[in-house]
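Okay, structure first, notes after.
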Amino acid sequence: MLEIHDLHVAVGDKEILKGVSLTLKQGEVHALMGPNGSGKSTLSYAIMGHPKYTVTKGSISLDGKNVLEMPVNERAKAGLFLSFQYPSEIAGVGLASFLRTAYNERTGSKIGPMEFMKTLYEKMALLKMDKDFAKRNVNVGFSGGEKKRNEILQMAVLSPKYTILDETDSGLDVDSLKIVSEGVNALSGPNMGVLIITHYQRILNYIAPDFVHVLVNGKIVKSGGKELALHIEQHGYDKVV
Ligand SMILES: Nc1ncnc2c1ncn2[C@@H]1O[C@H](COP(=O)(O)OP(=O)(O)O)[C@@H](O)[C@H]1O
Ligand SMILES: [Mg+2]
């Protein structure tokens, strides 16, 4: 499991997370909700190892190993995956070769381009992505929704143990939201733990969470079941605490 204990995270000298504890097991779906600026993305960056986000106190362990001692690539190889809220465009890097390189690193295999295309096209079909995307540079000229779908394609290719989806739902129209959610549902299961970070409960109509946590001002102020998300939708964050 992915265990986060009393995590404090700062950017520069500003403390953003003020003692977050969360345990994510394989096979579970957790939703992390919270108002803008509450620290949701900060948590995801700290888990993945973004150098700007300094862990000042607390621990993160993955299946018993100390994540904080691992460089980012080791975290990814160990099975952590983050779908970015704002995916980057990488000019000059073809999507297919990018994904193949990542796949080979993650799995320790040496699959060649031809063989890999079969796997890639299968995953693209699942997400109803046109094959032409494989020939393009990573995210370059993709629409907001296409970038988000491409994040899930990466997840599909890498089969992580623990996936963090940072507002993957924002910027998606209803049809894309459905496709992305179906993709996540098809790929998750007993071997994957999912942390869905979201501002709205909309995506939770498609991906049913086992647990819902509410982050306000760097602290989890409430945890509960699916009904907590519905309560927030009706009453807003102010009335939660
Ligand atoms: N790289 C950064 N530099 C300065 N401030 C940051 C940085 N990242 C996050 N913050 C600040 O930390 C707070 C939490 O941000 P964030 O984690 O993005 O919130 P959320 O994802 O919940 O909207 C905000 O006040 C934001 O301005
Ligand atoms: Mg965010």
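The values are calculated or read from the model by the stated rules, or taken from the named source; none is laboratory data. Quick caveat, the model's predicted, so the values are computed rather than measured. Ideal geometry is used to build each Cβ from the backbone, glycine not excepted, and the neighbour counts take in all protein chains shown.
Can you tell me which residue within the range 63-86, out of those that are buried (at least 21 other Cβ atoms within 10 Å of the Cβ) and more than 16 Å from ligand 2 (Cβ to nearest atom), is farthest from Ser188 (Cα to Cα)?
Step by step, filter the range 63-86, then rank; the result is Val67.
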message = Here is a list: Val20, Val11. Which entry is aliphatic (A, V, I, L, M) and in contact (Cβ under 8 Å) with a residue 60 or more places away in the chain?
response = Val20
query = Which one of Thr42, Thr54, Thr107 is touching a Leu at 6+ places or on another chain (Cβ under 9 Å), on the phi < 0 side of the Ramachandran plot and surrounded by fewer than 16 Cβ atoms within 10 Å (Cβ to Cβ)?
reply = Thr107
note = By residue number, the members of the range 185-198 that are within 14 Å of the chain's Cα centre (by Cα) and either farther than 26 Å from Gln234 by Cα or surrounded by fewer than 18 Cβ atoms within 10 Å (Cβ to Cβ) (or both) are Asn185, Leu187, Ser188, Met192, Gly193
inquiry  = Yes or no: the range 87-102 includes at least one residue that is outside any helix (DSSP H, G or I), surrounded by 13 or more Cβ atoms within 10 Å (Cβ to Cβ) and in contact with a helix residue (DSSP H, G or I) (Cβ under 6 Å, 6 or more places away or on another chain).
reply    = yes
query = So which residues in the range 27-59 are in a loop (DSSP other than H, G, I, E, B), within 12 Å of ligand 2 (Cβ to nearest atom) and without any contact (Cβ under 8 Å) to a residue 60 or more places away in the chain, if there are any at all?
reply = Gly37
ask   = Looking at the range 204-238, which of the residues that are β-branched (Val, Ile, Thr) and under 18 Å from Tyr162 (Cβ atoms) is farthest from the chain's Cα centre (by Cα)?
value = Ile220
ask   = What tally of residues in the range 60-81 results from selecting those that are within 23 Å of Glu167 (Cβ to Cβ) and part of a strand (DSSP E or B)?
value = 4
ask   = Counting only residues that are of a type in the set (D, E, K, R) and outside any helix (DSSP H, G or I), which one in the range 114-130 is farthest from Asp175 (Cα to Cα)?
value = Asp130
key: Residue list for the range 25-73, restricted to those being touching a helix residue (DSSP H, G or I) at 6+ places or on another chain (Cβ under 9 Å) and charged (D, E, K, R)   = Lys52
message = So Ser59 passes all but one of these: (1) surrounded by fewer than 20 Cβ atoms within 10 Å (Cβ to Cβ); (2) modelled with pLDDT of 95 or more; (3) at positive phi. Which condition number does it fail?
response = (3)
inquiry  = Among (1) within 13 Å of ligand 1 (Cβ to nearest atom); (2) surrounded by 15 or more Cβ atoms within 10 Å (Cβ to Cβ); (3) over 30 Å from Glu227 (Cα atoms); (4) modelled with pLDDT under 95, there is one condition Glu15 misses while meeting the rest; what is its number?
reply    = (4)
task = Please indicate, with yes or no, whether at least one residue in the range 210-218 is within 17 Å of Glu151 (Cβ to Cβ) and either modelled with pLDDT of 90 or more or surrounded by fewer than 18 Cβ atoms within 10 Å (Cβ to Cβ) (or both).
result = no
inquiry  = Can you tell me which condition Tyr162 does not meet? The list is (1) away from ligand 2 (no atom under 16 Å from the Cβ); (2) without any contact (Cβ under 8 Å) to a residue 60 or more places away in the chain; (3) under 17 Å from Phe81 (Cα atoms), and all the others hold.
reply    = (2)
So Leu172, is it over 12 Å from the mean Cα position of the chain (by Cα) and either within 16 Å of ligand 1 (Cβ to nearest atom) or buried (at least 16 other Cβ atoms within 10 Å of the Cβ) (or both) = yes
